[in-house]
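Values in this text are rule-based calculations from the coordinates and carry no lab data. As the structure is a prediction and not an experimental result, all values here were calculated from the model. Cβ placement follows ideal geometry from the backbone for every residue including glycine, while neighbour counts extend to all protein chains displayed.
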Amino acid sequence: MFLDIHDLDLHPVEFKEEFAPGTIDFGMDFEQSGPLRSEGRADLVEEHHGKHNVVRDIRLQGEVSMRLGFSCARCLEPVVQEVEAKFDLLYRPLGVDAGEAERSISGTEAEISYYEGDGLLLEDALREQMLLAAPLKVLCREDCKGLCPQCGKNWNAEPCDCTQQTGSQSWAALKDLRDKLEH
Ligand SMILES: [Zn+2]
Ligand SMILES: [Zn+2]
């Protein structure tokens with residue numbers, strides 16, 4: 001959905017959109033495992049810079065949510081998590097801030113981004129919000145025991161035979177090293 005500055009000039013645009021998995025490209029970071037849902041509105045905000053210069057910003061407010069599929073950071077099992085974000089963004093025309101030491105922000109707490117040409121693609125804004133909201137690391141459960149570094153067995157299912165040895169083996173390795181250093 002393209003939010004066109006000329007439409008916004010006439011009236012605010014409200015949106016309630018759903019995007020099926022695959023519609024928005026999230027790269028390799030995570031998998032979209034349900035529709036992305038979003039709702040909100042876009043307004044035109046005019047900033048007066050001096051007498052004749054009017055900067056036309058797009059304010060985008062709303063919320064977005066989606067089910068994301070991850071791999072557990074410890075055991076690599078698939079985990080699905082609902083991620084949501086509320087946003088209040090201000091898009092200024094690209095280049096308007098170039099060379100300006102001082103900016104006047106139109107009295108909102110909005111975060112500033114830039115749009116190019118006649119407006120912005122809602123999908124791009126939603127994609128960015130999801131990438132910001134998505135956790136970097138997800139565990140299948142807080143006390144996930146992870147995989148055995150030696151045999152690769154999932155310790156959540158059952159301990160493996162290497163478990164007991166790990167400690168003594170690293171001590172053995174240390175002792176070897178000390179022996180080497182001493183001679
Ligand atoms: Zn896990
Ligand atoms: Zn093992």
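Below, the figures for the structure above:
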{"item": "Proximal lysines to K137, defined as alpha-carbon separation beneath 19 angstrom and excluding residues fewer than eight positions away on the same chain", "result": "K145"}
{"item": "Net charge over other residues, Cβ less than 11 angstrom from the Cβ of S33 (K, R count +1; D, E count -1)", "result": "-1"}
{"item": "Per-pair calculated FRET efficiency, R0 = 41 Å: E84 and C162 via Cβ, rounded to 0.05", "result": "0.50"}
{"item": "Within region 2-133: Cβ-based charge dipole about Cα centre, in debye rounded to nearest 20 (Lys, Arg +1; Asp, Glu -1)", "result": "220 debye"}
{"item": "For H11, net neighbour charge (Lys/Arg +1, Asp/Glu -1) across residues whose Cβ lies under 15 Å away", "result": "-3"}
{"item": "Whole-number Å³ per residue for the convex hull built on Cα positions in region 1-58", "result": "107 Å³"}
{"item": "Under 5 Å, built H, 5+ apart or other chain: amide partners of Q32", "result": "G69"}
{"item": "Farthest positive-ward along region 2-133 dipole, Cα basis, beta-carbon charges - from L68, F87, V55", "result": "L68"}
{"item": "Cα-based Rg of region 2-133 normalised by 2.2 N^0.38 Å, two decimals", "result": "1.22"}
{"item": "Additional length obtainable on full extension of the chain from L132 to D97, 0.36 nm per residue less Cα span", "result": "10.2 nm"}
{"item": "Förster-model FRET efficiency, 30 Å R0, D118 and E63, C-beta, rounded to 0.05", "result": "0.75"}
